[in-house]
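Heads up, the thing below is written out as structure tokens.
The values are calculated or read from the model by the stated rules, or taken from the named source; none is laboratory data. These numbers were taken from a predicted model, which means no experiment stands behind them. Note that we place each Cβ from the backbone using ideal geometry, even for glycine, and neighbour counts take in every protein chain shown.
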Amino acid sequence: MLNIVLFGPPGAGKGTQSDLIVEKFKLIHISTGDLLRAEISKQTNLGKQAQDIINKGLLMPDSIMIDMIQNKITEHIGCKGFIFDGFPRTTVQAEALDSLLRQNNMEISTMISLEVDTPIIVERILKRGAISGRSDDKNETIILQRISEYNHKTAPVKEFYKKCNKLTEIQGVGTIQEIFSKIEKVCSTFV
Ligand code: ATP
Ligand code: MG
């Protein structure tokens, strides 16, 4: 099995690279951001809560995100592997993922961390906001709040995988294809 955690700050290109990885390695893509946006567009209770939190640039509660991941994993038991995009975003989530996978005799192959400097991601997100209409991408104050959440709560997740020798850092700057070639090489060592 190939189970990848695709990691990086907001705007690192996780969604873009996930699509290419999924196509090549036939993995199940689990994007917590996409799942939350689907709830928002359906205006469910969860969606209303998510809208509020996302528009403040904050993180959703761990318990909600962990339940969401558990459901998705259970739904796809027996697949070739998973790509986790936007999860785990806290060390509590990382520990939960570890135990969820272990219970099903699976494990993370590696975390691929896309490295991109702050000024570049702010520029990318504002550009995306102008096209996609994502409200959390349009406002620079919200973007800086998301980056601050990332630095405080999410960046430590890298250390979690580093300790288990499961961290691969990749420069997230260059053309989409250049970055994908590097990711592809890393993934190929696990299949
Ligand atoms: P990228 O541009 O790399 O895809 P992103 O910052 O646009 O990253 P998404 O993954 O799309 O972020 O998530 C959007 C928002 O959803 C986050 O800012 C956060 O509020 C919420 N969210 C998504 N995943 C999680 C999670 N695992 N834990 C807590 N909140 C989350
Ligand atoms: Mg995304």
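Every condition in (1) out of contact with any Phe, Trp or Tyr (no Cβ under 9 Å at 6 or more places or on another chain); (2) within 16 Å of ligand 2 (Cβ to nearest atom) is met by HIS29 except one, and the failing one is (1).
For the stretch 19-45, taking the residues that are away from ligand 1 (no atom under 12 Å from the Cβ) and in contact (Cβ under 8 Å) with a residue 12 or more places away in the chain, the one that is farthest from GLN177 (Cα to Cα) is identified as ILE28. For the stretch 100-118, filtering for residues that are of a type outside the set (Val, Ile, Thr), under 13 Å from LEU2 (Cα atoms) and assigned to a strand (DSSP E or B) leaves 1. Total residues in the stretch 48-60 satisfying the condition of being basic (Lys, Arg), free of Cβ contacts under 8 Å to residues at least 60 places away in the same chain and either touching a helix residue (DSSP H, G or I) at 6+ places or on another chain (Cβ under 7 Å) or assigned to a loop (DSSP other than H, G, I, E, B) (or both): the figure is 0. Can you say whether ILE30 is closer than 22 Å to MET1 by Cα and at pLDDT 95 or above, as far as the supplied structure shows? So ILE30 fits the description; yes. Residue count for the stretch 61-99 under the criterion of being farther than 14 Å from LEU36 by Cβ, part of a loop (DSSP other than H, G, I, E, B) and within 10 Å of ligand 1 (Cβ to nearest atom): the result is 2. Residues in the stretch 33-47 that are away from ligand 2 (no atom under 16 Å from the Cβ) and in contact with a helix residue (DSSP H, G or I) (Cβ under 8 Å, 6 or more places away or on another chain): LEU46, GLY47.
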